[in-house]
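Below you'll find the structure, written out as structure tokens, and then a few comments.
The values are calculated or read from the model by the stated rules, or taken from the named source; none is laboratory data. None of these values were measured; they are calculated from a predicted model. Cβ coordinates were reconstructed from backbone atoms using ideal geometry, including for glycine residues, and neighbour counts include every protein chain displayed. Just the protein is used for accessible areas: all its heavy atoms, side chains included, with ligands, DNA and RNA removed. Shrake-Rupley method; radii C 1.70, N 1.55, O 1.52, S 1.80 Å.
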Amino acid sequence: MEKDKKIDEFEELLEGDDNLTDKERMFCIHYLKHFNAAKAYREAFDETKYDKQAAHILMKSEKINSYIKKLKKELFTETLMDSKDVLEQYIKIAFADITDYVDFGTKEKIDENGNKYNANYLNFKDSSTVDGSVIEYIAGGKAPTLKLSDRTKALEVLSKFTNLIDGDTDKEFKIVLKRAGEDD
């Protein structure tokens, strides 16, 4: 299979003779995933202490920079990513369920006078248990907010890809989405 061959080629790249430790290689991979050196350092080395300074030092290393460039070249050519991967991401966005990311509802509480009342609650699920790739942003505070990536745009792309909608039907689909509150 073509995809298996691509994975084998990438694994060879990861095991290449580049004078890097396994943790340094993981740092490079995590850096390309997030483009955030401190976060990449925390994930690769499983440390939070001095992560910014250590990440900065690693990023100045010629062998690290060289390996990152090598990985980028492989990642951004068609070695690992193809149209199917992009399509799968659109599918994840289009069919993401908010309940996979938050728990919400009402629960009974008792005030200081012993009176029962219903209160709304909203709890974000732990980041280790959710797919963050479809989250556009999260805000905490008095009015916590979680926004998933644009479902309408993903559905439009998927409908065009599958030829589900064409001509006047496309306009009707947009009207239905607008009525359903999906279109801003």
Going through the stretch 137-151 one residue at a time, which ones are without any contact (Cβ under 8 Å) to a residue 24 or more places away in the chain, out of contact with any Lys or Arg (no Cβ under 6 Å at 6 or more places or on another chain) and not charged (D, E, K, R)? ILE138, ALA139, GLY140, GLY141, ALA143, PRO144, THR145
Does the stretch 145-157 contain any residue that is modelled with pLDDT of 80 or more, more than 26 Å from ASP85 (Cα to Cα) and open to solvent by less than 80 Å² (accessible area, probe 1.4 Å)? yes
Within the stretch 30-50, residues of a type outside the set (Gly, Ala, Ser), surrounded by 18 or more Cβ atoms within 10 Å (Cβ to Cβ) and under 15 Å from LEU71 (Cβ atoms) come out as HIS30, TYR31
Please find, among ALA119, ALA143, the residue that is hydrophobic (A, V, I, L, M, F, W, C) and part of a loop (DSSP other than H, G, I, E, B). ALA143
